[in-house]
Amino acid sequence: MSAELAAYRGELRAWLEAHREELAPRYALPGTLDDHVAQMQRVKAILFDAGWMQRGWPERVGGSGGPPMLRTELGANLAARDFVDSGLFSLIEVLAPTLIDFARPELAAEAVPKLLSGAELWCQGFSEPDSGSDLASLRCRAVPEGGNAATAARWIINGQKVWTSLAQFSQRCVLLTRTGPADSRHRGITAFFVDMDTPGITVRPIEMINGELEFAEVFFEDVAVPAERMLGELNGGWAVAMSILPYERSSCFWQRIAYLYRRLERLVEIAPQDDRAAEVVGNAYVQLHALRARSRATQHRLAATGAIGAETSIDKVLVAAGEQAVFDAVHRLLPGMVEIEDSAAGETWRGEYLYSRAATIYGGTAEVQRNIIARRLLDLGSDE
Amino acid sequence: MITANERAAMTESVGAAIADAVARSANVDATLAELGWRELLADDPDAAVEIVFTALGSANATASALDDVLAATLGFELGADLAILLPNFASWAPPGRIDGSHSHAHGIATCRAATAAEILVACDNESALNTSMVSVAAAEVTVVRGVDPDAGLHFVRCPIETKGGRPLDPAAWQSALALGRRAVAYQIAGACRTVLNLARTHALDRMQFGRPIARFQAVRHKLAEVLVAVESLDAALAAAGDTPSPETAALAKAIAGRTAYTTAKHCQQVLAGIGFTTEHQFHRYLKRILAFEGLFGSADAITHDIGHRLLAERRVPTLIEL
């Protein structure tokens with residue numbers, strides 16, 4: 001495995017360097033979210049044409065096979081060169097596998113190449129205003145048209161989602177709905193693959209703390225979705241939601257880590273060379289190394305056993321702390337850069353600094369991760 | 001090289017034998033010799049260091065295995081009569097210094113200094129490194145009492161013969177330093193894992209307000225924080241074994257120090273009153289962590305050094321790959 005990966009990495013890096021001019025962003029920093037999305041889709045198209053985007057994906061969805069770590073390498077190497085925004089690019093890993101594992105084979109075969117090639121963007125409709133950390137309490141309802149779940153040709157969806165990244169750019173949405181009784185929690189949830197241009201869907205982007213409109217509220221009002229767009233079993237949506245975790249906690253994290261090393265490198269390129277800077281930079285680097293070592297072990301365990309679980313809450317705690325450590329270092333070592341600098345560099349650092357504040361919140365808060373570690377890994381029993 | 005099965009079996013048997021020796025107050029070095037420690041070190045240094053030092057840390061055992069690790073990487077014959085002069089506390093520079101007329105060494109030695117005939121000293125003579133063999137009889141050897149009188153550490157001061165030293169390849173010194181750092185880091189990892197288990201057991205047993213204190217989220221989160229640190233140290237040590245270099249070993253050692261202090265701080269808080277007494281084992285581990293964290297450079301010193309290097313090179317290397 002390692003030898004195959006090393007060979008792939010070498011080949012990939014040589015190709016990326018040879019095509020640096022073509023792949024590098026065309027916009028001036030910091031760029032808007034629209035710029036970042038357009039750049040990502042442009043890069044995906046170039047990489048798809050050259051055959052890189054297909055590596056590590058199964059052949060039945062248009063991939064060229066090979067271990068999933070090939071995808072991780074690609075994303076990490078793009079992030080390390082600032083060719084794509086790692087957070088946006090790695091969304092592929094929490095969307096495409098869902099289709100592959102839970103959609104009808106024909107649907108997966110038709111849809112996944114569109115995501116990989118940059119022809120489409122997809123989003124994930126999970127969280128709701130009253131269902132954040134407690135996802136199993138979600139209420140967005142889907143009912144079978146005509147009342148019979150077994151024979152209905154369409155399902156009618158009503159409700160609201162929130163924190164849906166890139167909803168306003170997306171053609172499709174992996175949506176979790178309530179199909180069981182209101183109190184059925186994780187037993188009464190069903191997933192659908194919904195076209196975002198279906199009548200009744202309204203997207204209202206939300207301005208984030210850094211001024212970007214990366215995520216949105218999505219409203220569903222009598223939205224009719226064909227029954228064949230159901231992902232997995234009726235009331236089997238919790239399994240769909242949980243299936244994402246191994247990808248999010250392995251590949252997505254490795255790509256994020258590559259981005260964080262690059263940001264720390266940008267910092268040392270311009271930071272003062274004194275004792276205080278050495279301590280701040282050194283601390284962030286030691287933290288990143290611990291995180292990278294942990295993430296590497298997690299991915300090899302996933303490749304070897306096919307499963308990872310609650311122990312990845314440790315990875316989540318480390319990646320969130322690592323991200324904040326890097327941007328805290330930026331804040332401390334570049335006085336005024338985040339606070340009052342209005343140049344392109346200031347805008348860029350400020351946006352990313354502010355974004356990093358959410359690292360301990362999204363994807364399961366730092367507190368929820370510690371609850372899981374205490375309960376599941378330390379076996380401390382119930383806290384009730 | 002030993003197989004994965006052999007490694008697992010050995011981890012268990014060595015752990016049990018060392019814990020037993022500590023419980024009987026037996027000589028741990030003698031136990032290690034019986035277990036074939038030096039043979040294993042010659043055969044598979046990575047496995048030997050991981051298995052033995054984790055067990056030493058876990059049992060809070062006092063031994064001189066570190067001398068063998070350094071002697072082996074520096075290319076000397078292993079034996080109980082040869083002690084190694086370690087760098088001074090919190091430092092990783094060779095302990096010997098030869099500058100013209102003034103030639104001397106001072107550093108730290110393990111419990112072997114009390115019994116060995118000779119001490120091997122790595123020296124820096126400004127333009128190159130070499131090693132000198134010093135008779136223990138000619139050295140000033142003092143027992144370190146310090147925070148942990150049971151750690152077996154010694155201060156050693158000795159004159160150095162300016163002639164007759166053997167040249168030391170700087171790369172060999174770097175390798176010795178790297179494996180020594182990994183050894184101490186494994187020892188700290190073993191200690192931290194044990195301390196976490198002690199605190200966990202206490203949290204489940206200790207009743208207050210009519211329930212085990214393990215039910216309180218404030219307690220749970222402290223222990224979770226410790227597990228995060230302990231697991232990241234394990235990962236850093238595995239990475240240092242898979243991708244051996246002076247840098248990955250230094251980072252593992254720095255992460256060991258951070259983990260040690262996170263573990264000590266949170267576990268002592270969870271243990272509360274009993275952890276502040278000598279009636280609970282915690283104090284032995286805390287003291288040993290304090291005594292050993294500075295060997296081959298503390299987390300702070302290493303972090304500072306690495307930070308300066310990143311700034312000087314204006315690069316942030318990733319070091320390990322998938």
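Residue by residue, here is whether (1) more than 12 Å from chain A (Cβ to nearest Cβ); (2) in contact (Cβ under 8 Å) with a residue 60 or more places away in the chain; (3) over 29 Å from B:Val52 (Cβ atoms) holds:
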residue: B:Val195; (1), (2), (3): yes, yes, no
residue: B:Leu198; (1), (2), (3): yes, yes, no
residue: B:Thr201; (1), (2), (3): no, no, no
residue: B:Leu204; (1), (2), (3): no, no, yes
residue: B:Pro212; (1), (2), (3): no, no, yes
residue: B:Leu223; (1), (2), (3): no, no, no
residue: B:Leu227; (1), (2), (3): no, no, no
residue: B:Glu231; (1), (2), (3): no, no, no
residue: B:Glu247; (1), (2), (3): no, yes, no
Which numbered condition B:Thr243 misses (of (1) within 13 Å of chain A (Cβ to nearest Cβ); (2) surrounded by fewer than 22 Cβ atoms within 10 Å (Cβ to Cβ); (3) without any contact (Cβ under 8 Å) to a residue 60 or more places away in the chain): (3)
Only one of (1) within 7 Å of another protein chain (Cβ to nearest Cβ); (2) over 16 Å from B:Glu247 (Cβ atoms) does not apply to A:Val281, and that is (2)
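With A:Gly75, A:Gly63 as the choices, which residue is part of a helix (DSSP H, G or I) and at pLDDT 95 or above?
Working: A:Gly63 fails: part of a helix (DSSP H, G or I).
Result: A:Gly75 is the single residue among A:Gly75, A:Gly63 that is part of a helix (DSSP H, G or I) and at pLDDT 95 or above.
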Just to be sure before I move on: is A:Ile244 more than 9 Å from every other protein chain (Cβ to nearest Cβ), out of contact with any Pro (no Cβ under 6 Å at 6 or more places or on another chain) and either of a type in the set (Val, Ile, Thr) or more than 22 Å from A:Thr365 (Cβ to Cβ) (or both) in the structure I sent? yes
Among the residues of region B:68-98 satisfying the criterion of being among the charged types (D, E, K, R) and under 15 Å from B:Arg112 (Cβ atoms), which is surrounded by the fewest Cβ atoms within 10 Å (Cβ to Cβ)? B:Glu77
From A:Ala182, A:Ala149, A:Ala142, grab the single residue that is in contact (Cβ under 8 Å) with a residue 60 or more places away in the chain and part of a loop (DSSP other than H, G, I, E, B). A:Ala149
Scan region B:301-318 for residues that are crowded, with 18+ Cβ neighbours inside 10 Å and either closer than 28 Å to A:Thr72 by Cα or facing chain A (nearest Cβ under 7 Å) (or both) and jot them down. B:Thr303, B:His304, B:Ile306, B:Gly307, B:His308, B:Leu310, B:Leu311, B:Val316
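Only helices (runs of 4 or more DSSP H) wholly contained in region A:1-60 count here; list those with 3 or more residues that are basic (Lys, Arg), in contact (Cβ under 8 Å) with a residue 60 or more places away in the chain and assigned by TED's automatic domain parsing to the domain that holds A:Ala96. If you could, list the steps in order and put the result at the bottom.
Working: elements: A:2-18, A:20-23, A:33-49.
Per the criteria, no element qualifies.
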So if I check each of B:Ala238, B:Ala252, B:Ala172, which one is in a helix (DSSP H, G or I), within 13 Å of chain A (Cβ to nearest Cβ) and surrounded by fewer than 24 Cβ atoms within 10 Å (Cβ to Cβ)? B:Ala238
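Confirm whether A:Gln369 is within 14 Å of another protein chain (Cβ to nearest Cβ), among the polar types (S, T, N, Q) and more than 18 Å from the chain's Cα centre (by Cα).
So A:Gln369 does not fit the description; no.
For every residue, the table says whether it meets (1) surrounded by fewer than 23 Cβ atoms within 10 Å (Cβ to Cβ); (2) of a type in the set (Gly, Ala, Ser).
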{"position": "A:Asp34", "(1), (2)": "yes, no"}
{"position": "A:Leu47", "(1), (2)": "no, no"}
{"position": "A:Pro58", "(1), (2)": "yes, no"}
{"position": "A:Ser64", "(1), (2)": "yes, yes"}
{"position": "A:Pro68", "(1), (2)": "yes, no"}
{"position": "A:Arg81", "(1), (2)": "yes, no"}
{"position": "A:Gly87", "(1), (2)": "yes, yes"}
Please list, ordered by first then second residue, the pairs with beta carbon atoms under 6 Å, 6 or more apart or interchain, first in region B:249-269 and under 9 Å from B:Ala229 (Cα atoms), second modelled with pLDDT of 95 or more and charged (D, E, K, R). B:Ala260/B:Glu293
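Every residue, every condition in (1) farther than 20 Å from B:Glu293 by Cβ; (2) at pLDDT below 95; (3) outside the structural domain of B:Ala122 (by TED's automatic domain parsing); (4) surrounded by fewer than 24 Cβ atoms within 10 Å (Cβ to Cβ), yes or no:
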{"position": "B:Arg211", "(1), (2), (3), (4)": "yes, no, yes, yes"}
{"position": "B:Ala224", "(1), (2), (3), (4)": "yes, no, yes, no"}
{"position": "B:Lys265", "(1), (2), (3), (4)": "no, no, yes, yes"}
{"position": "B:Thr277", "(1), (2), (3), (4)": "yes, no, yes, yes"}
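Let's see how each residue does on (1) charged (D, E, K, R); (2) in contact with a helix residue (DSSP H, G or I) (Cβ under 9 Å, 6 or more places away or on another chain); (3) assigned by TED's automatic domain parsing to the domain that holds B:Ala272:
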site	(1), (2), (3)
B:Pro95	no, no, no
B:Lys163	yes, no, no
B:Ser175	no, yes, yes
B:Gln187	no, yes, yes
Testing B:Leu120 on (1) closer than 23 Å to B:Gly294 by Cα; (2) not in a strand (DSSP E or B), one condition comes back false. Which one is that? (2)
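The values are calculated or read from the model by the stated rules, or taken from the named source; none is laboratory data. Keep in mind the model is a prediction, meaning the values are calculated, not measured. Reconstructed Cβ throughout: ideal geometry from the backbone, glycine too, with neighbour counts over all protein chains shown.
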